[in-house]
Amino acid sequence: MSTKLITKAPAKHISESSAISFEIVITNKAIKELNNKISILSQCKKILESSEKSLELHELTDKWVSINKACLNHLHNAYLIKYKGNSGYIKNLEDSINMEKEKIKYQANDNLEYEWETIQDSTQYQMLDDWEKANLKASFEERIAKNEEFLENNLKKLDKTIEDFNERGGEFDIEELCKNLKIDYNLIYTM
């Protein structure tokens, strides 16, 4: 009988230790699963927080757009009152373009004429021989020609302003107001 007890005792001891190690393995597995769930939950929390920030940013953008639209509508109405309608705006546009043309012509012609008179009156010019005077005059005439070409290009650009306005419908609307204020119309009105 004593031999039976000896052989049975280690078997019980081995089965208890294997049961404990099996429980440890199951517990470790459960801990890993819980850690995985915690990690997933923290990722979900971060995603929700970022989507809340995105939603808040979207709401702020919508608010900004609505404020800009209201301001532009107010400015548009104020300009229509100032210009007394579309025809007043067209007249003001033509007047400002004509004034800009006169300003460009005056600056271009007056500066060159004054410069040429100053050169001719100088003692250095008087001391030049005829060939050097002719070369200087030719180079100055070339500058005048380039200046006139530049002047014509600028005047054409100004004339094109009225043509572009007429091509867009010839009406002072909010898009035209944005163009005058150098604001991107599509940034505000396509959202």
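The values are calculated or read from the model by the stated rules, or taken from the named source; none is laboratory data. Note that the structure is a prediction, hence the values are computed from the model and not measured. FYI the Cβ positions are ideal-geometry reconstructions off the backbone, even for glycines, and counts take in every protein chain you see.
Checking Lys12 against (1) modelled with pLDDT of 85 or more; (2) exposed (fewer than 10 other Cβ atoms within 10 Å of the Cβ), which single condition isn't satisfied?
(1)
Let me confirm something: among Glu33, Glu49, which residue is among the acidic types (Asp, Glu), over 30 Å from Asp173 (Cα atoms) and at pLDDT below 85?
Glu49
Within segment 165-175, identify whether any single residue is in contact (Cβ under 8 Å) with a residue 60 or more places away in the chain and either outside any loop (DSSP other than H, G, I, E, B) or in contact with a Lys or Arg (Cβ under 8 Å, 6 or more places away or on another chain) (or both), and answer yes or no.
yes
Filter segment 137-164 down to the residues that are hydroxyl-bearing (Ser, Thr, Tyr) and either within 18 Å of Asn111 (Cα to Cα) or without any contact (Cβ under 8 Å) to a residue 60 or more places away in the chain (or both) and list them by number.
Correct list: Ser139 only.
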